[in-house]
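Novice: Below is the structure I would like to discuss, written out as structure tokens.
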Amino acid sequence: MKNISYGRQFISQDDINAVVETLQSDFLTQGPKVLEFEQNFAKYVDAKYAVAVSNGTAALHLATMALGVEKGDKVITTPLTFVASANCVLYCGGEIDFVDIDPNTYLMDLDKLEDKLSKAAPNTYKGIIPVDFAGYPTQTGRLRQIADKYDLWIIEDACHAPGAKFIDSKGVEQKTGNGSYSDIQVFSFHPVKHIATGEGGMITTNSKELFDKLSLLRTHGIIKDADKLEENHGGWYYEMQELGYNYRLCDIQAALGVSQLNRADKGVIKRNLIADNYNRAFKDLNIKTPFVDEQSYHAYHLYIIQVENRKGLYEHLRANNIFAQVLYLPVHLQPFYRNLGWKIGDLPVVEAYYEKCLALPMFPTLTEEEQNFVIEKVIEFVK
């Protein structure tokens, strides 16, 4: 059996054709494909606006900048995420606080969040960055109620969850990224994600004001529109009005993104079928499989199990060319964050999760033969 990784991109002939067509066009960057990708993605998640950027970290950074995070501002996130979800606040001079996870969903525990906020002095925090971990959607409707109570903004880190959905308290289906309850949503197009552009990211929002701010910050804070310039010397003239960054996505990547987006829904459906196969295979074993309630539709960026001898299973799978992954070392236990004062024991639920978690292979092109082999080797070890 060939190597089986925990995640894998798929590049179709349509993808290749789309990229070649752009390579042969007049624009490799700052051309029409970026706008097409933005418009198509906004439509896909039912958001009003989308801003394509160079990666998910850039998306998070611009989101915190657009919402005005500055020195001394405190923002809450989950410890179960890639470090970028926390680092983006530090980039702006702010401070990060963490709320432990729910032991079932692995998302930020909203009861613990509300408890923390109720005990804090007024105006202690500026915002919340929930993470749709592994593809499970945050119930942002309830989160919005909490945020409004304490006058907080929400950046939804949806990098794991394009295609996820949930039913809100009014019985309405909400797509992850549609902005019904969050101020800004961010996505990643890293190769192991649902939509792969090599590197790349997207920001969605329903606020025209935030959209304009994000668009400005993405390109050095520079504008060229004649009606917005302080003065206009000619067609060559531009002005830098804010300190921004070069966080642009190029047309080559956007062309790939447009093509990949065309089959995004099929990919999520396949991921759910793979998850169902795993669930049936492991139901009578001492393996904790992902939790999903009837109000949520999981996008399954990751299929994570919990087992007692995680390291043993990890090594057993590797010996059989199955490259499972551990995701993630809790952010507060990273050396950088320990130097800020965090320590073992501060967030016990996520720390207990980390001792047992393992992500099994999960990607749409995983074959039945490959999955059966993975299942066989997991059962072989667990039994």
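Novice: Every residue in region 280-320 that is open to solvent by less than 60 Å² (accessible area, probe 1.4 Å), part of a loop (DSSP other than H, G, I, E, B) and either among the hydroxyl-bearing types (Ser, Thr, Tyr) or over 30 Å from Gly171 (Cβ atoms) (or both), please.
Specialist: Leu285, Ile287, Thr289, Tyr300, Val307, Asn320
Novice: Could you tell me whether region 304-319 includes any residue that is touching a residue at least 40 places away in the same chain (Cβ under 8 Å) and within 18 Å of the chain's Cα centre (by Cα)?
Specialist: Looking for residues that are touching a residue at least 40 places away in the same chain (Cβ under 8 Å) and within 18 Å of the chain's Cα centre (by Cα), one finds at least one in region 304-319, hence yes.
Novice: Quickly run through region 10-48 and pick out the residues that are touching a strand residue (DSSP E or B) at 6+ places or on another chain (Cβ under 8 Å), farther than 22 Å from Thr205 by Cα and outside any loop (DSSP other than H, G, I, E, B).
Specialist: Result: Thr29, single match.
Novice: Across region 70-92, what is the number of residues that are open to solvent by less than 10 Å² (accessible area, probe 1.4 Å) and not in a helix (DSSP H, G or I)?
Specialist: Count: 7.
Novice: Does His301 fit the bill of being at pLDDT 95 or above and touching a His at 6+ places or on another chain (Cβ under 6 Å)?
Specialist: yes
Novice: Those residues that are open to solvent by 10 Å² or more (accessible area, probe 1.4 Å) and aliphatic (A, V, I, L, M), I need them from region 267-279; list them, please.
Specialist: Result: Ile269, Leu273.
Novice: Find the residue count for region 1-53, including only residues that are touching a Phe, Trp or Tyr at 6+ places or on another chain (Cβ under 9 Å) and of a type in the set (S, T, N, Q).
Specialist: Of the residues in that region, 3 qualify.
Novice: Tell me the strands (runs of 3 or more DSSP E) entirely within region 108-218 that contain at least 2 residues that are open to solvent by less than 20 Å² (accessible area, probe 1.4 Å) and modelled with pLDDT of 95 or more. Lay out the reasoning, then the answer.
Specialist: Details: elements: 127-129, 153-157, 165-167, 173-175, 184-188, 201-205.
Here the list reads 127-129, 153-157, 184-188, 201-205.
Novice: Condition check: of a type in the set (Val, Ile, Thr) and under 30 Å from Glu95 (Cβ atoms). Does Val34 satisfy that?
Specialist: Considered against the rule, which asks whether it is of a type in the set (Val, Ile, Thr) and under 30 Å from Glu95 (Cβ atoms), Val34 comes out as no.
Novice: Under 7 Å between Cβ atoms, which residue pairs at least 6 apart in sequence (or on different chains) link something in region 186-214 that is closer than 29 Å to Pro361 by Cβ with a partner that is charged (D, E, K, R) and buried (at least 24 other Cβ atoms within 10 Å of the Cβ)?
Specialist: Val186/Asp157
Novice: Right, here's the next one. May I ask you to say which residue of Ala226, Ala264 is of a type outside the set (S, T, N, Q), surrounded by 15 or more Cβ atoms within 10 Å (Cβ to Cβ) and either under 18 Å from Glu38 (Cβ atoms) or modelled with pLDDT under 95 (or both)? Step through it out loud before you land on a result.
Specialist: Numbers: Ala226 fails: surrounded by 15 or more Cβ atoms within 10 Å (Cβ to Cβ).
Step by step, each of Ala226, Ala264 is checked, and only Ala264 is of a type outside the set (S, T, N, Q), surrounded by 15 or more Cβ atoms within 10 Å (Cβ to Cβ) and either under 18 Å from Glu38 (Cβ atoms) or modelled with pLDDT under 95 (or both).
The values are calculated or read from the model by the stated rules, or taken from the named source; none is laboratory data. This one's a predicted model, so the numbers in the text were calculated from it and none came from an experiment. Heads up, the Cβs are rebuilt from the backbone with ideal geometry, glycines too, and the neighbour counts pull from every protein chain shown. To get the accessible areas, we keep the full protein, side chains included, count just its heavy atoms, and leave off ligands, DNA and RNA. Shrake-Rupley method; radii C 1.70, N 1.55, O 1.52, S 1.80 Å.
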